[in-house]
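Here is the structure we will look at.
The values are calculated or read from the model by the stated rules, or taken from the named source; none is laboratory data. Since the model is a prediction, treat every value here as computed from it, not as a measurement. Heads up, the Cβs are rebuilt from the backbone with ideal geometry, glycines too, and the neighbour counts pull from every protein chain shown.
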């Protein structure tokens, strides 16, 4: 059977999902998407690879996945309509997917593209409301309500001490045989003065990849600083210790959203995938996860 690799750009509300990855007896984003693809393509075994496997309750606005589909089914997708196969698949998926999952775009992937291994970086945002005046009941499933006012400047100063390539064992759930070395490109805290996030406390977290629960652990450590329970230097001291601290809580999942996955130009995605596979094979880096 001849196959065509498709890139799918999608978003989802993670509230009612047990994470991305398929798990027996649980509702997951992967299982929901695979079922929808199999239904509209009439292809029973569709394999989907994702850029970042999000945890239970984590949302996504800019998730990317790829799927290898039967070439004949793909070409037949428009039927008698004048639509392209890409347009037709988006429309058909919209008709069968539940309202908390949306596929925004489908495209034939460039040669060598891999949603996971071709990615250059992942960008997450974590949103917190620390004042009753800014609480929005319509965003209660995606913004953490925090009872104490936060010192955003202290949180931002503490976070900048963590940037670079380090062993983030102190901020990751351990997995046997998996390294916790990551390159943290950005971790910044702001309180926007305009736009949809006006008045909120917002973290922007960007890295080449993330290990299990890393983003929420970084947020938890930042909250301890923002509340004044820990000094600005404490997260960096925790990083240097390479040990989990029982006093450092992992922030709730629902405040976290995968905002964007960045890829190189089309002609470089195959090389990037090969390079990433070689690095992760040597270091045994675990899959990215929010």
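Can residue 154 be described as at pLDDT 95 or above and within 27 Å of residue 15 (Cα to Cα)? No: the conditions fail for residue 154. Against the numbered list (1) modelled with pLDDT under 95; (2) in a loop (DSSP other than H, G, I, E, B); (3) out of contact with any strand residue (DSSP E or B) (no Cβ under 9 Å at 6 or more places or on another chain), residue 52 comes up short only at (3). Every condition in (1) in contact (Cβ under 8 Å) with a residue 60 or more places away in the chain; (2) touching a strand residue (DSSP E or B) at 6+ places or on another chain (Cβ under 8 Å) holds for residue 225 except the one numbered (2). Of the residues examined, residue 96 is one that is surrounded by fewer than 16 Cβ atoms within 10 Å (Cβ to Cβ) and within 30 Å of residue 15 (Cβ to Cβ). Note on segment 201-290: enclosed helices (runs of 4 or more DSSP H) holding 2 or more residues that are at pLDDT 95 or above and assigned by TED's automatic domain parsing to the domain that holds residue 187 are 214-226, 234-241. Filtering segment 153-171 to residues that are buried (at least 19 other Cβ atoms within 10 Å of the Cβ) and closer than 19 Å to residue 197 by Cβ leaves 155, 156, 159. When segment 172-207 is filtered for residues that are surrounded by 14 or more Cβ atoms within 10 Å (Cβ to Cβ) and at positive phi, only 199 remains.
For every residue, the table says whether it meets (1) assigned to a strand (DSSP E or B); (2) modelled with pLDDT of 95 or more; (3) in contact with a helix residue (DSSP H, G or I) (Cβ under 7 Å, 6 or more places away or on another chain).
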position: 4; (1), (2), (3): yes, yes, yes
position: 9; (1), (2), (3): yes, yes, no
position: 20; (1), (2), (3): no, yes, yes
position: 36; (1), (2), (3): no, yes, yes
position: 43; (1), (2), (3): no, no, yes
position: 57; (1), (2), (3): no, yes, yes
position: 68; (1), (2), (3): yes, yes, no
position: 81; (1), (2), (3): no, no, yes
position: 91; (1), (2), (3): no, yes, no
